[in-house]
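Working notes, structure below.
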Amino acid sequence: MALIGGGLGSFIGKIHQMGASLGAGIELVAGSFSSDTERSLAAGASYGVAPERSYADHDALFAGEAARDDGIDLVAIATPNHLHLPAALAAIRAGVHIMSDKPATATLAEALQLQAALKDSASLYALTYSYSGYPMVREARARVAAGEIGNIRKVVVTYQQGWLSAPLEENNARAAWRTDRSKSGVGGASADIGVHAFHLAEYVSGQRVTEMLGDARGLVAGRALDDDCNALLHFGNGASGVLVVSQIAFGERNGLSIQVYGDAGALHWVFDTADMLTMVKGNGSTEILRPMSPGLLSSTPLAPGLGNGLIVPFAVLYRDFAAAIGGDTTRVGGVLPGIDEGVRSMAFIERVVESTGTSNWTSL
């Protein structure tokens, strides 16, 4: 595979490389790691990529790889949001499969454009909604689908961080692009972590959000995009939902959790104990499930006890994507998020921003 983005100092680029290698034996052999040629070469060297396969931009990448007998099969896109669409369209033109960081694009209109392009393409497309790769999240999804907690009545998903409590964007590149409308799109925290929460709510519950009432605001003085986002949700089966997202919650590191309540039980998953799922049964008893517990409905290719590191879910996602490339295309849009989930998440961002300051429920 090749990597677009993930330059020097990148955290997520190494996660892509390690997850792809561990989950599916995929080798990172090429990339366009930075718009600066020297920095791209240096980043390529840090990944073990040969200098002649570290390219100046994505167009040079796809042209150069197409000319090789051992050219790439897939590309991972790990850039700021505004670069997702042009990189993905270039990959489609090159006939290369795409694993993209979330959100799919910077705007809903761009996501719809990408969706249309993929329909006429041989390229498979998946999104790294990383939490959908955790074995116990998949277990929760499977148990809900099997009816083990009955009909879903309520979903509560919370994702809180504190790293943007101060105006860090003034001297931090990771914060700067996430709070810049020209690079992030219309959403700030809603686009960065809110889409994870939204996707998790639908992924685990098996229900689609039909309408929402949102409140997405920038609470740090001078910040143009939202850093705090909350929404009430209505699901297609009549269930209610609550989504709470913040990046200005002092002291929070990666406070992600989801609770799904049915009429015959409930499921609780918390990121800090990612390899544990709590199931409350209708008789009041509680069962703690862990990877490789007897009777699990889902499976994991990795040993239990690996905690909340991101390499585990990325390995699972890349395992699924490799299987899809090998012919099992039912995985994309099933257990593996695809462009349809990307479009829904972009709709969530725009609707939560639109409904802020109103008392009107808005349709998804």
Inset, instruction - Within the range 157-174, work out how many residues are without any contact (Cβ under 8 Å) to a residue 60 or more places away in the chain and either crowded, with 20+ Cβ neighbours inside 10 Å or not assigned by TED's automatic domain parsing to the domain that holds residue 140 (or both). - result: 1
Inset, instruction - Just need a number here: residues in the range 201-228 that are out of contact with any Lys or Arg (no Cβ under 9 Å at 6 or more places or on another chain) and β-branched (Val, Ile, Thr). - result: 2
Inset, instruction - Scan the range 115-133 for residues that are surrounded by 20 or more Cβ atoms within 10 Å (Cβ to Cβ) and either out of contact with any strand residue (DSSP E or B) (no Cβ under 8 Å at 6 or more places or on another chain) or closer than 15 Å to residue 279 by Cα (or both) and report the count. - result: 3
Inset, instruction - Considering each of 359, 345, 363 in turn, give the residue that is of a type outside the set (Lys, Arg), touching a Pro at 6+ places or on another chain (Cβ under 7 Å) and within 24 Å of residue 218 (Cα to Cα). - result: 345
Inset, instruction - Find the residue count for the range 340-361, including only residues that are over 20 Å from residue 240 (Cβ atoms) and touching a Leu at 6+ places or on another chain (Cβ under 7 Å). - result: 5
Inset, instruction - Name every residue in the range 345-364 that is within 16 Å of residue 106 (Cβ to Cβ) and either within 16 Å of the chain's Cα centre (by Cα) or small (Gly, Ala, Ser) (or both), in order of residue number. - result: 345, 346, 347, 348, 349
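Conditions tested, residue by residue: (1) modelled with pLDDT of 95 or more; (2) not basic (Lys, Arg).
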residue	(1), (2)
261	yes, yes
278	yes, yes
286	yes, yes
310	no, yes
331	no, no
337	yes, yes
348	yes, yes
364	no, yes
Inset, instruction - Find the residue count for the range 131-161, including only residues that are assigned to a loop (DSSP other than H, G, I, E, B) and either on the phi > 0 side of the Ramachandran plot or more than 23 Å from the chain's Cα centre (by Cα) (or both). - result: 6
Inset, instruction - Sort through 257, 184 and tell me the only one that's within 23 Å of residue 131 (Cα to Cα), touching a residue at least 60 places away in the same chain (Cβ under 8 Å) and crowded, with 19+ Cβ neighbours inside 10 Å. - result: 184
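The values are calculated or read from the model by the stated rules, or taken from the named source; none is laboratory data. For clarity, every value in this text was computed on a predicted model and none was experimentally measured. Ideal geometry is used to build each Cβ from the backbone, glycine not excepted, and the neighbour counts take in all protein chains shown.
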